[in-house]
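In what follows, a structure is listed as structure tokens, so that the remarks can point back to it.
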Amino acid sequence: MTLGLKDSKATAGDHFKVTGGNPLFGEFVVQGAKNAVLKQMAATILASGEHHLFNVPKILDVEIMAELLESMGLTCQFEEDHHVVITTPAPDDIRPFADYELVEKIRASVTVLGPLLARLKAATMSLPGGDDFGHRPIDIHLNALKSLGATFTTSHGYIEGKASRLDGTTIVLDFPSHTATDNIMMAAVLANGTTTIHNAAREPEVIDLGSMLNSMGAAITGLGSSILRIEGVPILKPANYRIIPDRIDAATAIAAVIMNKGNVFIRHGVIRHMDMLLRKLAGIGVNIHPDNNGFTVWVNKRIDAAQIATLPYPGIATDYLPLLVAAMSTANGESIVTENLFEGRFKYVDELRRLGATMAIHGHHVVIKGVENLQGAPVKATDIRAGAALLVAATSADGESKVLGTTHIQRGYEDFVTRFGDLGAKIELVSNENSC
Ligand code: UD1
């Protein structure tokens, strides 16, 4: 499958040219959730036949996940209107091998482990990569899969998992890891007997994966709570499923409105998925109104400073953090933003400083002294959300900015230029070939 993104000859010199200082008005259509769809694509390994996924965002990570599945013998086809058809062959024709070249690009590739072990009782996978924001072990995944009966050996950068059978059991997670919960659910749906996961992740994307698995014939209860109960079933049928909207994409649009002022309808934005964040923002001067099939956000003055800390869901998501730090850079007063999940998630702070932000890192806190205006500058994205935060900040800065690291944005955002351009932001993708 190709979306034409990966083949677009992106080079290190490609950048976004951003001219700041335009208030935003209109409608922003939220894309399908990246952190749901990648695991839902992995889940298609669990049943042979033709799967239909709807509301799939056209992003690079989807393309990489499709490539990974195709390397195992599945086929993926992007149809019109964000519809993806994935055809899964019989188990004998699936090659349970996930190559370094693909796995190192996206963290979500680790979620092929559960389905492969469930269906083929074997999986060989390169150790996963993904965003560069700190040490990201997979011990919680492996320990849980071991309790279900799998064994693992590691050599030459690859993990080899095997199981003669998987048997349901009680699993207590040390931490409510998002992708570990996804992986265990996908391993347990075809296991013998009942699996109970305590301290499970409760993110909307985890619920959405569970709902898709149930629609395929799985028997998972407790979704959205911290205790999941999974009755193993012998076989699943192919999926026909519509993916939830992406709350981080919605939050990106909100951050842009905060920094640029304006009034934007966030179509498909789901308030209950973003409850804590929206409550926090409402308390510091962001106006949010529920509307039919979304909500409206408007801001007409500098927001107030705030103290914000990330936590696993239902807390404020770590993926919002770079966007919030950017938004607070022009707030009125001193803010403290605390990251509780990933130790290396502040790499973009130096880049925001280049745009004129006044902020300092103290351990896992950023102390931000709000300034009235940012100034355009050249900056570089280091991961998806950091990249989005820099782009959003640049749209509000005086003058022109150059945002390097375009691939990071394309990994998680469908057509950032057009979707924010339609609201009034001035962003242009400049390819290295056209610049001198
Ligand atoms: C997912 C999301 C990511 C988001 C994160 C937290 C995807 C593809 N990515 O990542 O965008 O920022 O949830 O909401 O869905 N941990 C361990 N051992 C493990 C697994 C995790 O120690 O085996 C630790 C991590 O280092 C981190 C914390 O647990 O400190 C949270 O990680 P986790 O919830 O697993 O994040 P991901 O699922 O990797």
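The values are calculated or read from the model by the stated rules, or taken from the named source; none is laboratory data. Predicted, not measured: the structure shown is a model, and the values here were computed from it. Note that we place each Cβ from the backbone using ideal geometry, even for glycine, and neighbour counts take in every protein chain shown. Heavy atoms of the whole protein, side chains included, go into the accessibility calculation; ligands, DNA and RNA do not. Shrake-Rupley method; radii C 1.70, N 1.55, O 1.52, S 1.80 Å.
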Open item on the list: Could you order the peptides 149-157, 275-283, 403-411, 25-33 from most to least packed, using the average number of other C-beta atoms within 10 Å per residue?
Closed with: 403-411, 25-33, 275-283, 149-157
- [ ] Tell me which residues come under 5 Å, amide H to amide H, from Asn192 once H is placed; ignore anything under 5 positions away on its chain.
- [x] Leu166, Asp167, Gly168
Open item on the list: For a distance above 30 Å, tell me the whole-number percent of Cα pairs in the chain that qualify.
Closed with: 42 percent
Task: Rounded, prolate or oblate (a/c below 1.5 giving rounded, otherwise prolate when a/b exceeds b/c) for the range 34-241 by Cα gyration tensor - done: rounded
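What is the antiparallel percent of DSSP beta bridges lying wholly in the range 34-241, to the nearest 5? Provide the component values of the computation, followed by the final result.
Details: 27 of 35 bridges.
In the range 34-241, approximately 75 percent of DSSP beta bridges are antiparallel ones.
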Task: Degrees, to the nearest 10: 178-188 long Cα axis against longest axis of the chain - done: 20 degrees
- [ ] Using amide H atoms built 1.01 Å from N in the peptide plane, name the residues 5+ places from Val270, or on other chains, whose amide H lies under 5 Å from its own.
- [x] none
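Any idea what diffusion coefficient the range 141-202 gets from Stokes-Einstein, in µm²/s, Kirkwood Rh on alpha carbon pairs, 25 °C, 0.890 mPa s? Could you put the intermediate results ahead of the total?
Values: Rh = 11.9 Å.
Here the translational diffusion coefficient equals 206 µm²/s.
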TODO: Could you provide, to the nearest whole Å², the per residue accessible area of the chain with probe 1.4 Å?
DONE: 38 Å²
Task: Rounded percent of accessible protein surface that carbon and sulfur make up, the range 34-241, 1.4 Å probe - done: 49 percent
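Find, among the trypsin sites (Lys or Arg not before Pro) in the range 130-206, those assigned to loop by DSSP (not H, G, I, E, B) with at most 15 other beta-carbon atoms within 10 angstrom.
Numbers: sites: Lys146, Lys162, Arg165, Arg202; in loops: Arg165, Arg202.
For trypsin sites (Lys or Arg not before Pro) across the range 130-206 that sit outside H, G, I, E and B with at most 15 neighbouring Cβ atoms in 10 Å, the list reads Arg165.
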Open item on the list: How far apart, in nanometres, would the label points at Lys146 and Ala122 be if each is projected 7 angstrom from Cα along the Cα-to-Cβ direction?
Closed with: 2.3 nm
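How much length would be gained if the chain were fully extended between Asp99 and Val371, taking 0.36 nm per residue of separation minus their Cα-Cα distance, in nm to one decimal? Display every interim value, and only then the final one.
Numbers: separation 272, 0.36 × 272 = 97.92 nm, distance 4.64 nm.
Gain in length upon complete extension: 93.3 nm.
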Task: Rounded tilt (10° steps) of 60-71 against the dominant C-alpha axis of the chain - done: 20 degrees
